[in-house]
Each structure stands twice: as C-alpha cells, then as structure tokens.
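As structure tokens, the structure follows; a few thoughts come after it.
The values are calculated or read from the model by the stated rules, or taken from the named source; none is laboratory data. A quick note: this is a predicted structure, and the numbers were derived from the prediction, not measured. As a convention, Cβ positions derive from the backbone with ideal geometry for all residues, glycine included, and neighbour counts pool all protein chains shown. Protein only, heavy atoms only, side chains kept; ligands, DNA and RNA dropped before computing areas. Shrake-Rupley method; radii C 1.70, N 1.55, O 1.52, S 1.80 Å.
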Amino acid sequence: MSERAAPARRRRRRSGGTVPWVWVLPAVAVVLAFRYVATGAGTWYAFTDWDGISRHATWVGLDNFHEIFEDPAARGALVHTLELAFAFVITANVIGLGIALGLHRTLKTRGLLRAIFFLPVVMSSLAVSYVWQFIFSYTGPLNTLLDTVGLESLKRPWTGDPTWALWTIFVVLVWQFVGLSMVMYLAGLEGIPEELDEASAVDGASTFRRFRKVTLPLLAPAITVSVTLSTIYGLGVFDQVLAVTGGGPVDASETLATQIYKQTFAFGRFGYGTALSLVLTVLITVLAVSQLFVLRARERRM
Amino acid sequence: MEAVTRSPRRRPTIYGLALAAVAVVALATGASIASARSQETTIKVLAQSNGQGNPQLQAIFDRFQQLNPDIKIDATYLPIGTTYANTLRTQLQGGNGPDVFYVTAGSGGLQSVLPLAKAGYVADLARRPWVKTLPLAPANKPFFWRRGKLTALPFAVVPVGVMYHIDVLADLGIQVPKTTSQFLAACRTAKAKGKYFLNLAGASAQNASLFATVLATSHVLAKDPGWNLKRITGKTTFAGTPEWRRTLQRIVDMKDAGCFPPGAEANDNIPATPGFVTGQVVSWTLPSSIIGLLKSFNKEAKYNFFAMPGETAADTRVNASPTDAFAVWSKTTNKAAAFKLIDYMATPAATGRYANLTGAVSPYQAATGKHIIYELRGLGGFLKVNSKVFPLMNLSWPNPAVVETLGKDVQGLLTGQKTVAQTLADLDAAWGT
C-alpha cells in the first residue's frame, strides 16, 4: 500500500508544482514583453546618435557614454543627484521617525495630526513645487518674513542663487515625503508589543535607552522599507527640479533625470538621452539593491 | 354603421402601410443625412496655444468652416516648447500625424520646419496658387524652401522689440533710448525713482536668449549682416567675433547699471509678468505676438515698442521673423481639404485678421509696412527699411542646443557663474553638438 502510495504522492507533488507555473506564464510573458523587453529594446538607441525625428540612426558605439563622463554638465548632474538623495534620505527618515514617535500613542488629537502631516503626500508634486517656487521668489513670503524680522541681509532670489538652488529642491522633497515616511514608521510602531516597552520601563530603562534598545531594533523592517523607497525617490527626482529651478541657475541644480529630459526632448538628442537613462537606471538599481542587502543583514543582526 | 366601424382585420394592414411609409421616409432622410455626412471631411490641426487655447487662430478656423461647411476642423492646441514638439513628432512618427500643423521657420528650434522636411514629413506647397503673390523677403526664403520645395506657409511675421509702458516712461521723464549709453542712463534714472527699466525672465532660456539675440542684432548684424552665414560655413566663431563679445558685455553692463529688477535671474516668464503689467518694470524684450495676452492682464496699460539700440542710433536694427507657419503632413489622406485650409490661411484677409488679433504682422503688411497695429508703431519706421530688419539669428542655427546655451549662460552672466569669454566658448561648443 505504502509502495503504491509513494509514486502517487510524487505525481501529485510534481503536478502541484507545475500547474501554477503554467497558469502564471501568460502574465509573466505580458510583464516581460511590455515592461522589460520593450524597455530593453530601447537601450539600443543609447549606442546611436538618433535625433528623434530622422528615419535612421547611426551606430556610434560607446561615444555617448564617453561624453557623459567627459561633460561637466552631466558629471555635475550626477554629483547633484547623489548629494540631494543622500541628504534627503537621512533628513526625511529622521523627521518622519520623529513625527511617528510623537504621534504614536499619547496625543489625543493624533488622528487629526497624522492626517495633516500626511496631506502633502497626496498632493500633486508639480502643484506643490509651484507653490514653493512662489515662496522662494524674491518678492515671496520667505523674503518678506526675513524683511519683517530684520534679516534683510539674508534676502536673495533663492531659486536663482547657485549656492541655494539645489537646497530649495531639498526642502520641497523633504516637506512632501516626510508624511509617507511617518506612515511607514507608524505601521512599524503599531507592530511592537506595548508590554515590551512597559517591562523595560519597569526595569528602570530611560526613554532614550528604551528607544535605542527596544523600539529601534524592532523597527528595522520599517526602516528598510522607508530608506529604500526614499532612496529610489531621491535618485529619480524630476518634477520638483523642473518646477522650482528648471535645473538652474546654469546647471547648479541639474539632476540626472532633468538632464535626460533636456537632452532628449529639448535638444532632440535621443541617443545621448537614452545613454543617460541607462546610467541612472544602473545607479538606482545598484544603490537600492546594495542598500537593501545591508539593511536586511542589519535586521537579522538585531 | 359599417362605414364608421372599421373591420378589425383591416387595421393591421393600415398600420402596416403607415409604418412602411414612415420607414421609407426615415430611410430616405437617413440616407440623405448619411450621404451629407459622407461628403463632410474632418481635418485634424495641431497648433500652438497661447494661454488658454488659441482663440485668435480658432477665429480663422471658424471663418473657414463657415465658408466651407463640408470641411470640419478638429483643432488641438498645445503649449509651445517640448510639449508641442514631442506630441507632433510622436504623431508623425506613429503614422497618425495631424493633417495641418504649426511649425516655426528654419532649423534652430524644436518645432522648426526644415528638420521635419528633411525627414520627409511635410508636403510640398510650391504649386499652391498663393506662392507667387504671398510676399516673402529674400532673407527669409531659406527658412522655408528646401531643394525647390516650399515646406510651409509663412502665416505671420513676428517683430521682436522692447515693449514698454508709454505712461510710466513719461512719468519717469525718460525718452526712448536710441543708443546703448542712453539705455544705461535710462536704467539709472528709473532705479533712482524706485522703478526698474528692463524686465527679464532670466530662468527662462527662451526669454533670456531672445533678449540676447535681439541685442546681438543691433551689435553683430549691424556691423556684419552676413555673420550668420559665415558662422554656418565655419568662417567665423562666437569667440572670434568682437561684436558678440560686446553684446554679452552690454548685458553685464545692464546688470551693473541696475536695469533689471531684483531676482530677475530666478524668474520664469509667469513670475516675471506681474512686475511688468503693473508698470513696476518699464519695459521687456518680447515678441509682438504677446501683446494681446498682456493687454488682457491690464486693460488700462498703454504699450508701444522701441528697437533695442546699438552702440549708435545708426547701428540700431529690428528683428522681424516669419516664425509662425503652417505645414501639411506629407501622408495626409485629406490632402485636398488640408490644401484648401492652407490656401484660405494664405489670403490677405486671413493673415491680416490673425495678425491684428495677436499683435503680429501679416506677410502682406510686412512687405508694405502699412496697416500694422497701433502698439507696433514704434517699430514701423524700421519695418519699412529692408536693410534694418533681420530675422532672429537663431532660426538658421543648426540645433536647439545653441539657443538654449545662450539663454542659460545669460542667466550665468547675471548670477556671476559665467564670464563673457566662457559664454562665447560654450556657444561655439554647443554649435557642434
């Protein structure tokens, strides 16, 4: 009986393993065809000088990639992208976590406050950016405030100042992303049993020690998600740059995404723009995946 | 009694006959409607928007539809720049092009007609009946003709100059400047009286480059009208032209003289507009086709134009370019209707009406200097003298990167990020991309 049953189980196991894969094949084929093969086929243009309108494109090999690393504007865009993403990821996550901790339990009005902090996330990036552009303009509210409090010497056209232009975008990004970061940390905090915190308090642990030794290790999965998402968001920033500074003054706030747009659509250099897109894709993939591995390893250690 | 009471058997017959009659009438009517509809042709037009749609152009299309009830125009208006250019390119490449579409003259812009003609997307208009009567200055012919084919209809000539508030200028006691030194003096006077003389949207590459090319016309082309051709044939460079150096130096001088309002380097077109329409800033380098829009913001304001002065009054030149043009898609299946629309748009009535509505000049008005609108009278004297009128220099530049670089570097001159020498080198580098 048992000898006859064993092959039957094997058959069932085999069939149970293969049938769902057959069912999923059409969906996988569609995803591959429309998301990866189509995009991958477009990478061919990165090795051409196609201008977006001619019927034929000339193969130029790696010329576009050489130009990226030789062109000061493209190199500057790469540096700005990394600077902006680095500062944004740290600031947005620190503030998001701080707000989440503040609104986790004690406050009675926490529901309302959570909604207020989350509101910028659902607003259009472009609309928000235009509002901030007005705030930063020379006759805008920020300079008016500086005037009012007697700090006229600090007045400047913020979005047209080579030193400050990039950081005006940073402010907009943080302002808009903090709400999302807060929600991710709140979800993580909800999953931490209250008893653990209470027990450590009874044992005499200070608030900071409880946070460091109990809350933070248990928040590791939320940190992984929030940091990874904000990294991807920060590296691909586009709307805010285009609306607030347009990448200026003279490339001072240009990022890789805006360079791609300008080279491709404003200058009609589709081949070069595609090469820049490839560089950005590789950069985001490498940074996001390696960051994910590091954070996952840290989660296991905690 | 029998005569009154009809037999129940005959009723269905009568109803049947009535129904059949109604059906025949309905079918006949339907057939005639269907027949009329089958004779109606709808042509797709893609054109530039100015603010909300383009009511001035729509007025021309409405009139055409009244005159040609068998042709319906389905017009789409998109903002000029990357949105318009990329929609047009995508539609043309996808084989779903508009039958008639807006283009600009020459080759230096995103929607320039010559690259589209080179790629085979525009129909030849050389045999249209208006070709021999529609005036096109010899200097402008290379922007439209390619290998014996006419690529587009030059629909409107757009003068570019310095638009100013008549009343504000008078209140400040400033005369229209006729030389560079008078211009700089006007800046100092306006600033001393709490106003600014010249507006600039420094963060808009289009406006900053327009300002620089207009200034260059009265410096570079005043000395050497053939400079553009020399640059195209490689006989000169930006860096090797002293007049280009002087043009860019004048921008720095204007900044130092306080010509521009604070924050001009950070302003895009929209944030720069309120300062001008309220009269806080006296003047602004603009194409005349913007008059209608600016007048709608402040109906009380009285505007005129003056020509951007050169070093001397004799050097002063004016830009007037046949920038607004319309082409027919080479693969349109509605060629007859599309040509009919283009033929109508080429008439003096249509071009004149459009010019008067927008603030542009029709090709016929440009040829005679007559019947141009009130606000352009300050340029009228120049427009009558062929040797003092030039199309915008960038129309014949080889790619959009040159004019974008010029705009970007003008902003750099204002912020101190660029020197005159760096700007000239950047322009020569962009020429070769």
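Residues of segment A:250-262 that are touching a residue at least 60 places away in the same chain (Cβ under 8 Å) and more than 9 Å from chain B (Cβ to nearest Cβ): A:253, A:254, A:255, A:256, A:257, A:258, A:259.
Table: residues versus (1) part of a helix (DSSP H, G or I); (2) touching an Asp or Glu at 6+ places or on another chain (Cβ under 8 Å).
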residue: B:62; (1), (2): yes, no
residue: B:66; (1), (2): yes, no
residue: B:72; (1), (2): no, yes
residue: B:84; (1), (2): yes, no
residue: B:95; (1), (2): no, no
residue: B:98; (1), (2): no, no
residue: B:109; (1), (2): no, no
residue: B:126; (1), (2): no, no
residue: B:136; (1), (2): no, no
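Looking across segment A:53-96 at every residue that is part of a helix (DSSP H, G or I) and hydroxyl-bearing (Ser, Thr, Tyr), the one that is nearest to the other protein chains (Cβ to nearest Cβ) is identified as A:81. All of B:240, B:258 fail the test of being out of contact with any Phe, Trp or Tyr (no Cβ under 9 Å at 6 or more places or on another chain), surrounded by fewer than 24 Cβ atoms within 10 Å (Cβ to Cβ) and of a type outside the set (Lys, Arg), apart from B:240. Would you be able to say whether some residue in segment B:120-138 is out of contact with any Phe, Trp or Tyr (no Cβ under 6 Å at 6 or more places or on another chain), within 14 Å of another protein chain (Cβ to nearest Cβ), in contact (Cβ under 8 Å) with a residue 24 or more places away in the chain and aliphatic (A, V, I, L, M)? Yes, segment B:120-138 has at least one match. Residues being buried (at least 18 other Cβ atoms within 10 Å of the Cβ) and in contact with a helix residue (DSSP H, G or I) (Cβ under 6 Å, 6 or more places away or on another chain): count how many of those fall in segment B:51-63. Residues meeting the conditions: 2. Residues in segment A:132-147 that are open to solvent by 80 Å² or more (accessible area, probe 1.4 Å) and modelled with pLDDT under 95: A:134, A:139. Any idea how many residues of segment B:382-429 are within 9 Å of chain A (Cβ to nearest Cβ) and buried (at least 18 other Cβ atoms within 10 Å of the Cβ)? Residues that pass the stated criteria total 12. For segment A:122-239, the helices (runs of 4 or more DSSP H) that sit wholly inside it and include 2 or more residues that are within 14 Å of chain B (Cβ to nearest Cβ) are A:125-136, A:141-148, A:165-190.
The set of residues in segment B:195-223 that are at pLDDT 95 or above, open to solvent by 10 Å² or more (accessible area, probe 1.4 Å) and part of a loop (DSSP other than H, G, I, E, B) contains only B:195.
Scanning segment B:279-306 for residues that are open to solvent by 10 Å² or more (accessible area, probe 1.4 Å), touching a residue at least 12 places away in the same chain (Cβ under 8 Å) and assigned to a loop (DSSP other than H, G, I, E, B) gives B:280, B:298, B:301, B:302. Taking the criterion of being closer than 22 Å to residue A:61 by Cα, touching a Gly at 6+ places or on another chain (Cβ under 9 Å) and open to solvent by 10 Å² or more (accessible area, probe 1.4 Å), the residues of segment A:269-302 that qualify are A:269, A:270, A:274, A:277, A:280. Considering (1) within 14 Å of another protein chain (Cβ to nearest Cβ); (2) more than 20 Å from residue B:321 (Cβ to Cβ); (3) not acidic (Asp, Glu), say which one residue B:111 fails and leave the rest. Going through the list (1) within 14 Å of another protein chain (Cβ to nearest Cβ); (2) more than 20 Å from residue B:321 (Cβ to Cβ); (3) not acidic (Asp, Glu), residue B:111 breaks only (2). When segment B:88-108 is examined, which residues are found to be within 13 Å of chain A (Cβ to nearest Cβ) and either in contact with a helix residue (DSSP H, G or I) (Cβ under 9 Å, 6 or more places away or on another chain) or within 30 Å of residue B:139 (Cα to Cα) (or both)? Result: B:88, B:89, B:92, B:97, B:103, B:107, B:108.
Which residues, counting only those in segment B:90-125, are crowded, with 20+ Cβ neighbours inside 10 Å, more than 24 Å from residue B:340 (Cα to Cα) and more than 16 Å from the chain's Cα centre (by Cα)? Residue satisfying the conditions is B:115 alone.
The single condition from (1) more than 14 Å from chain B (Cβ to nearest Cβ); (2) at positive phi that residue A:247 fails is (1). Exactly one residue out of A:229, A:219 is under 22 Å from residue A:95 (Cβ atoms), of a type in the set (A, V, I, L, M), open to solvent by 60 Å² or more (accessible area, probe 1.4 Å) and out of contact with any strand residue (DSSP E or B) (no Cβ under 9 Å at 6 or more places or on another chain), and it is A:229.
Candidates in segment B:363-381 are the residues that are within 28 Å of residue B:167 (Cα to Cα) and touching a residue at least 40 places away in the same chain (Cβ under 8 Å); of these, the one that is most open to solvent (accessible area, probe 1.4 Å) is B:377.
Counting only residues that are over 23 Å from residue B:331 (Cβ atoms) and away from every other protein chain (no Cβ under 14 Å), which one in segment B:65-87 is surrounded by the fewest Cβ atoms within 10 Å (Cβ to Cβ)? Out of the qualifying residues, it is B:66. Looking at this structure, is residue A:46 surrounded by 11 or more Cβ atoms within 10 Å (Cβ to Cβ), within 15 Å of residue A:274 (Cα to Cα) and either within 14 Å of chain B (Cβ to nearest Cβ) or more than 24 Å from the chain's Cα centre (by Cα) (or both)? Yes, satisfied. So for segment B:335-354 (the condition being touching a Lys or Arg at 6+ places or on another chain (Cβ under 9 Å), under 30 Å from residue B:177 (Cα atoms) and free of Cβ contacts under 8 Å to residues at least 60 places away in the same chain), does at least one residue qualify? No, that holds for no residue.
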